[in-house]
Amino acid sequence: MNDTKEPSAGQWTSTQAYVLSVICLMVGVAVGYLVRGSAPSENVLPASANAAGAMQQTSPAGGAPMQPSSEQLRQMADTQAQPLLQQLQSDPKNSALLYQIGNLYYDAQQYPEAVKYYEQSLKIDPKATDVRTDMATAYHLMGEPDRAIQEYDKVLKIDSKHANALFNEGMVKWEDKKDVNGAIASWKRLLEVHPDYPQRDRVEQLIAQAQQHQTMPTGANDPASTSKVN
C-alpha cells in the first residue's frame, strides 16, 4: 500500500502500523512458542500462523518477506508508546499502564526496554503474575535463562497453577538449560492442575519428546532441535 503524502513527525503510515502488528503476532513463532503471561494460550498458534501468511502478502511479488530492522521496530514502538507515556506523566503509579507500555516494547522485540517497564509495574504491584511471566520470558529472549527461571519461580510461588508460567518455564529448561527432567516436571504439573488445558495434546507431545531424550546416550541430539511442535 502506498501513502499519498508524507506522514508528519510522530505519526505512522498505515504500512508501518500493519507491519508492527504482524511482527507482534509472529513473536510467538520466533521464540519457540512461548506464550504471553496474559495471553490465552489456545490463540497463540493460530494467530501466529495467520500473521505469517499476512506477512507474505505484504511482500513485493516474487520478493522476500518484509523484515523490518530492529531500529524500525523500535521507532514504531516509541511512536505507539507516546500517548501512553503522556498518560503516565499524570498517573505515574498506574501499574497497568506501565505493563501496557512494556508490552509494546516486548512485541517490538525491544526486550531490555520492555523489562524496564515491567520492573516499574512490579514495584507497584509485585504480585502481578502476568507481568512477571512476561518479564521472565523477556529475560529468556535476552539470553538470560537463569534469571527467566528465577522469575517464573516467583510467579509460581504466588500462583502455583499459573498455566503460562508453567509452560514457559518448561520451555526454557528444555531449550536453554537442557534440563530434561525439569522441563518434564513443569509440563506434568501444568497438565495435573489444568486437565482441560487447551493445548494438552501439544504439551503431551513435548513431554514425550523430552522422555525420549532421557533414554538417549550422552551427546545425542540437542533437545532444542526437536522442541517445537507444529
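Could you look through segment 144-172, keep only residues that are small (Gly, Ala, Ser) and over 13 Å from the mean Cα position of the chain (by Cα), and pick out the one that is surrounded by the most Cβ atoms within 10 Å (Cβ to Cβ)?
So, considering only residues that are small (Gly, Ala, Ser) and over 13 Å from the mean Cα position of the chain (by Cα), the one surrounded by the most Cβ atoms within 10 Å (Cβ to Cβ) is 170.
Looking at the structure I just gave you, is residue 103 among the polar types (S, T, N, Q), farther than 29 Å from residue 68 by Cβ and out of contact with any strand residue (DSSP E or B) (no Cβ under 8 Å at 6 or more places or on another chain)?
no
List, please: which pairs have Cβ atoms under 6 Å, are six or more places apart or on different chains, and start with a residue in segment 118-135 that is under 19 Å from residue 35 (Cα atoms) and end with one that is at pLDDT 95 or above and not in a helix (DSSP H, G or I)?
Close Cβ pairs satisfying both conditions: 129/159; 129/162.
Scan 229, 155, 203, 172 and give me the residue that is modelled with pLDDT under 95 and closer than 16 Å to residue 35 by Cα.
Exactly one of 229, 155, 203, 172 is modelled with pLDDT under 95 and closer than 16 Å to residue 35 by Cα, namely 229.
The values are calculated or read from the model by the stated rules, or taken from the named source; none is laboratory data. Note that the coordinates shown come from a computational prediction; the quantities given were computed from them, not determined experimentally. Positions of Cβ are backbone-derived with ideal geometry, glycine not excepted, and every protein chain shown enters the neighbour counts.
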